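Structure first, commentary second.
The values are calculated or read from the model by the stated rules, or taken from the named source; none is laboratory data. Predicted, not measured: the structure shown is a model, and the values here were computed from it. FYI the Cβ positions are ideal-geometry reconstructions off the backbone, even for glycines, and counts take in every protein chain you see. Note: accessible area is taken over every heavy atom of the protein model, side chains too, but ligands, DNA and RNA are not part of it. Shrake-Rupley method; radii C 1.70, N 1.55, O 1.52, S 1.80 Å.
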Amino acid sequence: MKVPLLDLKAQYRSLKTELDEALIKTAESQYFILGPEVEKLEKAMCEYIGCKYAIGVSSGTDALLIALMAIDIKPGDEIIVPTYSFFATAGVVSRLNAIPVFVDSDPVTFNINPKEIEGLITKKTKAIIPVHLYGQSAEMDEINAIAKKHSLKVIEDGAQAIGVQYKDGRKVGTLGDIGCFSFFPSKNLGCFGDGGLVTTNDDALGEKLRIMRVHGGKPKYYHKIIGGNFRLDAIQAGVLSVKLPHLDSWSERRRQNAELYSGLFIESGLASKEGKIELNSTEKILLPKAVYKETGHKNYHIYNQYVIRVEKRDELRKHLTEKEIGTEIYYPVPFHKQECFADLKPRFEKTCFSVSEFAADHSIALPIYPELTKEQIEYVVKCIAEFIK
Ligand SMILES: *Cc1c(COP(=O)(O)O)cnc(C)c1O
């Protein structure tokens, strides 16, 4: 049985008529960049996320970049980021000649560990970028409290977490100063290319982000500030407007798939609900943990990825590839071990990264997309059990 990591064609088939119409509408209007389609999407996003400003931008990476530019990050400023995330989270910091300061992961959620942050704050620290990894909110109360105490800005990297609710029910992207989202095709809400969004409730930042998106010109050709070309295409906004009403039901399907996986792993005796970080003989698989599930908010987790931790991860991956099951490693190398950050080494020689290093060596993402069938999930679990036993 074939089980791809992601099957975007299945989603396209389910909305083909509406999506094709949206594409043709852009072709007929010949209005390609920003404009009414983008404005319509931004309005819908404000409502969906519950924020005052939602500004469509060119990608998730650019969302992070424009956010840092909007809070005036300068060369030499220090920005606190988790060491375990997609590269963009730290890459954007370096692109502004600022310095990413890496923090280890929480051993349960693998999000940034708030307890490790304060010890890394210096006079140069300007902001924290928590990532809502795999589709579950970082521990924002603790992060915001630290930020407040030290007058730091908080930029949320919600690229994997659109629609996710924190424990108090508020959605990510409204919890810090600026929220950043990605519409890369493999995210829960993906467009037909690159796209992104920044969100804020702050009037001054909302205005500034909007101006910076078009090179900082307002009125056009008059520049008080320097921005860039961070614009979202109308064609992407049209696609996203068709998809947005379905996002919650897709995320619900992902949660159901996750429940099914976890239930089957527990039934098979390979995992327990409590999932400790030490893999031992009675527990072969560490399951992802939805820590805000008990809060009763529907979008406590949207499972952009369903990531388990196992021993002999690379051998398991090879076994699953042979069985035609798609998997991926998110992520094999934490930032503090990336070659491009080697010059920063003296800065973090004393920092402990044991949790993220464990994650990098043991994590494997299984197919979790909404259209998966029960039979496919049972097959994946069967193949994993076969390998471990
Ligand atoms: C996908 C992703 C990004 C970047 O988004 P793009 O749209 O691909 O530029 C940034 N941060 C995280 C955590 C991501 O998963």
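Identify, among L287, N113, V81, the residue whose Cα sits farthest towards the positive end of the charge dipole of the chain, taking +1 on the Cβ of Lys and Arg and -1 on the Cβ of Asp and Glu, with the dipole about the Cα centre. It is V81, whose Cα lies furthest towards the positive end. When all alpha carbon pairs of the range 295-359 are counted in 10 Å bins from zero, the resulting P(r) reads 15, 34, 28, 20, 2 %. With the dipole of the range 246-388 worked out from charges on the C-beta (+1 for Lys and Arg, -1 for Asp and Glu) around the Cα centre, which of I329, A365, I302 lies farthest toward the positive end? So the residue we want is I302.
Pairs over the 19 Å Cα-Cα cut-off, from the set K74/K224; K284/K374; K289/K337; K115/K149: K284/K374; K289/K337. The charge dipole of the chain, taken about its Cα centre with unit charges on the Cβ atoms of Lys, Arg (+1), Asp and Glu (-1) only, comes to about 520 debye. Here the dipole of the range 246-388 is about 300 debye; that uses its Cα centre as origin and unit charges on the Cβ of Lys and Arg (positive) and Asp and Glu (negative).
With an a/c value of 1.5 or above and a/b not larger than b/c for the gyration tensor axes a ≥ b ≥ c computed over the alpha-carbon atoms, the chain is described as oblate.
Report, to the nearest whole %, how much of the accessible area of the range 235-389 belongs to carbon and sulfur atoms, 1.4 Å probe, protein only. Roughly 50 percent of what the probe reaches on the range 235-389 is carbon or sulfur. A crude spin-label estimate for the pair K345 and T295, with each label 7 Å from Cα along the Cβ direction, gives 4.0 nm.
Accessible surface for K167 stands near 70 Å², nearest 10, in the context of the full protein assembly shown (1.4 Å probe). For the chain, the solvent-accessible area with a 1.4 angstrom probe is 44 square angstrom per residue.
Element breakdown for the range 18-124 at a 1.4 angstrom probe: carbon and sulfur atoms account for 57% of the accessible area. Here the range 246-388 is treated as a sphere whose radius is the Kirkwood value from Cα pairs; by Stokes-Einstein at 10 °C and 1.306 mPa s it diffuses with a coefficient of 96 µm²/s.
Comparing H336, H223, H132 in a Gaussian network model of the chain, where Cα atoms under 10 Å apart are tied by springs, the biggest mean-square fluctuation is seen for H223. Using a probe of 1.4 Å on the protein chains alone, the accessible area found for E18 is around 80 Å².
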